[in-house]
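Inspection log for the structure reproduced underneath, given as structure tokens.
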Amino acid sequence: MKASDLFVKALEAEGVEYVFGIPGEENLDLLESLRQSSIKLVLTRHEQAAGFMAATYGRLTGRAGVCLATLGPGATNLVTPAAYANLGGMPMLMITGQKPVKLSKQGHFQIVDVVDMMKPLTKYTRQIVSADNIPARVRESFRRAEEERPGASHLELPEDIARDDTDAIVIPASYHRRPIADEKAVAHAANAIRQARRPLLMVGAGANRKTCAKMLRAFIDHSGIPFFTTQMGKGVIDEDHPLWLGNAALSDGDFVHRAIEQADCIVNCGHDVIEKPPFFMRRGKRTVIHINFSGAEVDTVYFPQIEVVGDVANTIWQLTQALERQPHWDFSWFDTVRQHLEKHLDQGASDARFPIYPVRLVADTRRVMPDSGILCLDNGMYKLWYARYYRCRQPNTLLLDNALATMGAGLPSAIAAKIVHPQRKVVAVVGDGGFMMNSQELETAVRLKLDLTVLLLRDDAYGMIKWKQAHMEFPNFGMDMGNPDFVRYAESYGAHGHRPASSDEFAVLLQHCLDTPGVHLIDVPIDYSDNDRVLNREIRELSQAI
């Protein structure tokens with residue numbers, strides 16, 4: 001059998017449905033093998049976008065998404081997606097080509113050491129030097145990418161190896177289960193929660209990955225312990241739940257941090273230090289229980305006293321069985337915090353100013369989007385507003401990146417989300433800065449005939465850094481930029497462009513786009529003038545006044 005055919009059969013054995021990417025001449029044997037397979041090639045306009053799509057596929061399915069690039073510049077364009085997937089806990093396999101390794105035909109033209117380049121960014125990276133090794137390399141790359149903690153893996157397939165013959169056969173995936181937490185560790189954690197006066201639950205990204213929603217909801221309803229989420233933990237539990245205390249969109253100074261200050265035991269489910277800190281630990285103030293698939297990585301801001309390592313859902317189930325509500329638990333302070341939070345979240349939801357006010361934007365988006373609809377956020381100022389104000393009702397319905405926090409991923413992520421969930425409403429929420437880093441993927445969405453809406457928030461600047469600059473009392477410098485006519489820009493790709501003339505028009509227009517087939521872009525000017533006042537001062541002052 002030809003080696004490239006064997007490689008593709010190994011991918012099929014892993015359940016691969018799509019390969020995202022841009023082939024080069026070094027991939028042509030593999031491309032021909034793909035053409036004759038059941039796997040669909042999603043041709044993108046940039047390798048970076050292909051990597052973001054593959055990572056999002058992995059995030060939503062738990063199975064490694066696959067992307068393809070050629071050698072040299074094609075491979076180097078996968079560096080950012082590799083970091084995006086590895087830091088974000090998204091299983092992904094990157095396949096890159098290479099010049100012949102047995103006989104050089106072009107000297108060092110386009111050659112960089114891709115395997116060495118990928119080592120600090122992946123869980124596993126190898127060059128395939130023998131066709132007979134393909135089954136083992138492919139199986140191991142998927143195993144590494146998908147096992148906890150998920151991340152990126154990489155295989156380099158040189159063109160002369162790809163066309164070799166081999167008698168090797170595919171290695172099927174093995175049956176495996178995640179380890180169960182030690183009973184003594186669970187008992188120790190349960191005892192700490194039992195003895196606490198104000199226990200509090202925090203839900204992080206690890207709970208979102210394996211969809212632990214059912215077990216966590218049962219734990220909360222059974223114990224009555226209030227909860228909050230990290231940005232990447234949003235949606236694991238319905239945020240309309242009466243025990244929800246908000247999202248740690250800010251690292252300190254918010255209403256939820258007043259609850260954290262008073263908690264004497266925090267049950268930390270699925271969070272690790274790669275995500276921006278939801279709160280800062282201080283010695284001696286409280287017991288922190290780490291519940292995750294792997295042990296805690298100790299940091300100056302995170303050093304849990306109790307670790308329960310194993311399958312998260314099973315651990316939560318064991319804790320539910322071990323705990324009963326305690327008469328000495330006192331959640332009155334948390335109730336007070338929740339009342340003030342709810343009042344503040346409603347402020348500005350009907351603000352009529354235009355350009356649109358961020359709280360109004362989020363409120364109208366929530367009102368229009370169905371509970372199962374998916375928002376895919378790029379990275380910008382709006383991420384804080386959506387993380388704090390948008391209430392998720394189902395897991396993985398607000399996809400944001402609070403690990404690498406890269407720009408340019410919003411639109412590719414939305415394309416992948418729509419491919420995975422074709423029957424669900426999907427909206428990419430992007431800023432003008434991040435959108436222009438991968439805006440060419442509009443053509444990909446149009447070519448794939450997707451029903452997709454791009455919500456473009458325009459402030460003609462790099463808004464988040466401008467906000468930080470203002471907070472540091474530096475004058476505005478180096479942040480403002482020009483933009484194309486985004487409506488005409490979208491239409492040039494065959495998409496539908498829209499621009500509301502008032503805040504009242506926005507929700508109606510968004511509903512129209514969701515209901516109308518095709519790719520739609522809504523160009524919405526946004527008013528960020530309250531960024532500093534609300535996020536840096538008002539929230540802090542109101543929460544401190546409780």
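The values are calculated or read from the model by the stated rules, or taken from the named source; none is laboratory data. In this text, all values refer to a predicted model and were calculated from it rather than measured experimentally. In this analysis, Cβ positions are derived from the backbone assuming ideal geometry, glycine residues included, and neighbour counts consider all displayed protein chains.
At-a-glance table
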quantity: Any pair with Cβ under 9 angstrom, 6 or more apart, that starts in segment 140-164 at a residue that is β-branched (Val, Ile, Thr) and ends at one that is crowded, with 24+ Cβ neighbours inside 10 Å and in a strand (DSSP E or B); calculated: 161/98
quantity: Complete set of residues in segment 241-252 that are on the phi > 0 side of the Ramachandran plot and surrounded by fewer than 23 Cβ atoms within 10 Å (Cβ to Cβ); calculated: none
quantity: Qualifying positions in segment 457-473 - of a type in the set (Gly, Ala, Ser) and either buried (at least 20 other Cβ atoms within 10 Å of the Cβ) or assigned to a strand (DSSP E or B) (or both); calculated: 461, 463
quantity: Elements of type helices (runs of 4 or more DSSP H) in segment 281-397, at least 1 residues being not assigned by TED's automatic domain parsing to the domain that holds residue 524; calculated: 312-322, 332-345
quantity: Subset of segment 346-377 [hydrophobic (A, V, I, L, M, F, W, C) and touching a strand residue (DSSP E or B) at 6+ places or on another chain (Cβ under 8 Å)]; calculated: 354, 356, 361, 369, 374, 375, 376, 377
quantity: Any hit, segment 57-66, residues being polar (S, T, N, Q), under 17 Å from the mean Cα position of the chain (by Cα) and either surrounded by 20 or more Cβ atoms within 10 Å (Cβ to Cβ) or under 23 Å from residue 167 (Cβ atoms) (or both); calculated: no
quantity: Residue match in segment 1-24 (condition: under 27 Å from residue 411 (Cβ atoms), crowded, with 24+ Cβ neighbours inside 10 Å and among the acidic types (Asp, Glu)); calculated: no
quantity: Output for segment 213-240, where each listed residue is in contact with an Asp or Glu (Cβ under 9 Å, 6 or more places away or on another chain) and either part of a loop (DSSP other than H, G, I, E, B) or surrounded by fewer than 24 Cβ atoms within 10 Å (Cβ to Cβ) (or both); calculated: 213, 217, 222, 223, 226, 230, 238
quantity: Test result for residue 37, surrounded by fewer than 24 Cβ atoms within 10 Å (Cβ to Cβ) and at pLDDT 95 or above; calculated: yes
quantity: Helices (runs of 4 or more DSSP H) (entirely within segment 98-212) containing at least 2 residues that are under 31 Å from the mean Cα position of the chain (by Cα) and of a type outside the set (Phe, Trp, Tyr); calculated: 114-118, 134-146, 183-195, 205-209
quantity: Test: residue in segment 443-453 that is closer than 30 Å to residue 535 by Cβ and either of a type in the set (Val, Ile, Thr) or part of a loop (DSSP other than H, G, I, E, B) (or both); calculated: yes
